[in-house]
Amino acid sequence: MRRTIVFGWLIAGFFLQATAYFFLGARLGIPQSPANSNPRVPYAGLVFICGVMMVFISAVIYELLPDREDKGQAEGQTGDVRDGREYGR
């Protein structure tokens, strides 16, 4: 579950970055005057930065959300079990 949530945040962050850069900020062609070098949408840079923040926050989410427990850990076993003896204590 944790990987699905983090993957969703990563995809959304990269999508927001690409949208802000290619569709909101960048103009096609060579600018002929300073008026043409400005972004199409006034706050396109802010939208791009929000996308970057989403990508970095996905790493925080990955670390904070608990991972699913393995079957052995849920039953209280610790370490590796071989031939009826437990290793790794």
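Any read-out appearing in this document is the output of simple, stated calculations on the displayed coordinates, not a laboratory observation. Values in this document were obtained by computation on a predicted structure and should not be read as measured data. Reconstructed Cβ throughout: ideal geometry from the backbone, glycine too, with neighbour counts over all protein chains shown.
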**Message:** I'm trying to understand the selection: among the residues of the range 1-51, which are assigned to a loop (DSSP other than H, G, I, E, B) and within 30 Å of D67 (Cα to Cα)?
**Reply:** M1
**Request:** Could you tell me whether Y43 is aromatic (F, W, Y), out of contact with any His (no Cβ under 9 Å at 6 or more places or on another chain) and in contact (Cβ under 8 Å) with a residue 12 or more places away in the chain?
**Result:** no
**Request:** Check whether at least one residue in the range 1-17 is exposed (fewer than 10 other Cβ atoms within 10 Å of the Cβ) and either more than 20 Å from the chain's Cα centre (by Cα) or free of Cβ contacts under 8 Å to residues at least 12 places away in the same chain (or both), and report yes or no.
**Result:** yes
